[in-house]
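To keep things clear, I will list the structure first and then write my remarks on it.
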Amino acid sequence: MLKFVIIIGAAFLLYRMFANDQKKKKDTKVKEQVKSASRGEMVQDPVCGAYVSVDSDIRVREGDKVHRFCSFECRDKYIKRLDQGHSAQTESQTASAQKENA
């Protein structure tokens, strides 16, 4: 019985050490991202708000501005939103042109 209690206690201590180590790594990563963002090395994803490196390969150019994304999914959502906005703008311009011609 004593061996069982010692083994359970040792397993619990190992678990706590591992869990605490993971938490520290996560906190360190978040702090590093915030520091990088404040130095201008990272930008915010316009869709989900995640911070992305300026060197990110997933990007879309809109006029003079370049947007960077954390994933292709966010990029596709942004492009879809742009297309919907562009089509709505085109429809309103066509409607006003028709009213002027009438």
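Where a number appears in this text, it was derived from the coordinates with a stated rule and is not lab data. No experiment lies behind these values; they were computed from the predicted model shown. Don't worry about glycine lacking a Cβ; one is built from the backbone with ideal geometry, like all the others, and counts go over all protein chains shown.
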- request: Describe numerically, in nm with one decimal, the distance between label points set 7 Å from Cα along Cα→Cβ at Ile79 and at Leu2.
  value: 6.9 nm
- request: Sequence neighbours fewer than 8 away in the same chain don't count; with that in mind, list the lysines whose C-alpha is under 16 Å from Lys25.
  value: Lys35
- prompt: Taking 0.36 nm per intervening residue step and subtracting the Cα-Cα distance, what contour gain separates Glu32 from Asp55 on full extension?
  reply: 6.7 nm
- request: List the lysines whose Cα lies under 27 Å from the Cα of Lys31, skipping any in the same chain that are fewer than 8 positions away.
  value: Lys23
query: Among all the lysines, which ones have a C-alpha under 23 Å from Lys77's C-alpha, if same-chain residues fewer than 8 places away are not counted?
result: Lys65
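What's the ranking of 66-78, 12-24, 45-57 by average number of surrounding C-beta atoms within 10 Å, highest first? If you can, show how the numbers build up before the last one.
On the way: 66-78: 16.8, 12-24: 10.0, 45-57: 14.4.
Output ranking for 66-78, 12-24, 45-57: 66-78, 45-57, 12-24.
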